[in-house]
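A.B. asks: My questions all concern the structure below.
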């Protein structure tokens, strides 16, 4: 008997047992759905993280403050204990925020071919108002210079950016995020340009409205307002650290730019050669890489969950195939009596198991992609199909079918035709 005939006979047998086949396919489909669904959701999260944390591009990096030690004795203590607990250093060299003077000093002394900008998060809970309309007290206020939009991937919807003079003069000018402008001016977002708004009751002239950037994990990136950092210093008390952003013209020059930036800023921070840097240099895409590395553990967990479910499905499939062997004992005996070979019997039962597994894989993949893309819709990413896991799912299910059907197929092929024909 040809292999095509074997498959045809196996398919007709599978189709004739609809209830049994349906239950087995459902079990396998559930395992693949869990696996592919979680992988699809993780792929969508990877896309969103890449978009969110890499807005500066791969050729950008930042210098920021990071408290890496535990304070002993409070904020005004004269000494600080490192994490190892064995080395004391002066507080003047540790846990220091980046000040406006240090940030400006860096801008003036950094001579690498790159664009440099200064910014600070002043407050996360300001109220912006225009006439009788006002926002909720959850608008983030940033102080920045004229390079902030370029360094952080913002575009302008209407109006213009800060000029250097606007920033240096500490003038009362601001840029509104799209959501803030839409809240205050409704459908006349562009009409907000040149109007006077109040930020915590302080008057500011709107120079421009930022283009919408959407949301990340349910949090809007357009619910912001930006003013000049010198104006922020004069009007909003904040002990937060400044952030310095740098973007190079050539991605291959980023390591050199980072090296020179660290050397320049160490001199500004007055660190000697034996002291560890009390600031951090982060590439713009490093946060996304770290987050995606963390998501890799979720991928492993999803794979384990899917495989456990598939092991259960394989046991169920093997039991069903064994029941099928028992029910079809006379049929097997008849096939052998008319000259059928044990090899043909094995092929038929293995084919039935593989067909059921592949059907489960197909339905599971379709459902998994659908479920995973519900999550991608929440994150506002594009439609995601993890093609590599689609292929893996089919391969895994084929292997599951072969392993689950092997013992029943061997048992059927070894039946004695005389005893099989007499079986009741």
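No lab work stands behind these numbers, since they all come straight from the coordinates. It should be emphasised that the depicted structure is a prediction, and the values quoted were computed from it without experimental measurement. Note that we place each Cβ from the backbone using ideal geometry, even for glycine, and neighbour counts take in every protein chain shown.
A.B. asks: Using the basic label-point model (7 angstrom from Cα toward the beta carbon), what is the residue 168 to residue 330 distance in nanometres?
C.D. replies: According to this spin-label approximation, the distance is 10.1 nm.
A.B. asks: I'd like the Kirkwood hydrodynamic radius of region 198-274, using the inverse of the mean 1/r over distinct C-alpha pairs, in Å. Present the calculation step by step, with values, prior to reporting the outcome.
C.D. replies: On the way: mean 1/r = 0.0598 Å⁻¹.
So the Kirkwood estimate lands at 16.7 Å.
A.B. asks: Rank these for me by crowding, 378, 384, going from fewest to most other beta carbons within 10 Å. Mind dumping the intermediate values first?
C.D. replies: Working: 378 14, 384 21.
Ranking 378, 384 by Cβ neighbours within 10 Å, fewest first, gives 378, 384.
A.B. asks: As an exercise, take the mean of 1/r over every pair of distinct alpha carbons in region 99-159, invert it, and state the Kirkwood radius in angstroms. Could you put the intermediate results ahead of the total?
C.D. replies: On the way: mean 1/r = 0.0715 Å⁻¹.
Computed over Cα pairs of region 99-159, the Kirkwood hydrodynamic radius comes out at 14.0 Å.
A.B. asks: Could you work out the Kirkwood radius for region 132-258, taking every pair of different alpha carbons, averaging 1/r and inverting it, reported in Å? Mind showing how you got there, number by number?
C.D. replies: Numbers: mean 1/r = 0.0649 Å⁻¹.
Value: 15.4 Å, from the Cα pair sum.
A.B. asks: In square nanometres, what is one fourth of the surface area of the convex hull spanned by the alpha carbons of region 228-268? Spell out each step's value before the answer.
C.D. replies: Working: hull surface 16.4 nm².
Projected area, direction-averaged: 4.1 nm².
A.B. asks: Hey, any idea what Rg/Rh is for region 181-231, computing Rh the Kirkwood way over Cα pairs?
C.D. replies: Details: Rg = 11.9 Å, Rh = 12.2 Å.
Dividing the radius of gyration by the Kirkwood radius yields 0.98.
A.B. asks: Now for a separate question. Sorted by average packing, counted as other Cβ atoms within 10 angstrom per residue and highest first, what order do 341-350, 244-253 take?
C.D. replies: On the way: 341-350: 19.8, 244-253: 17.2.
Packing proxy ranking, top to bottom: 341-350, 244-253.
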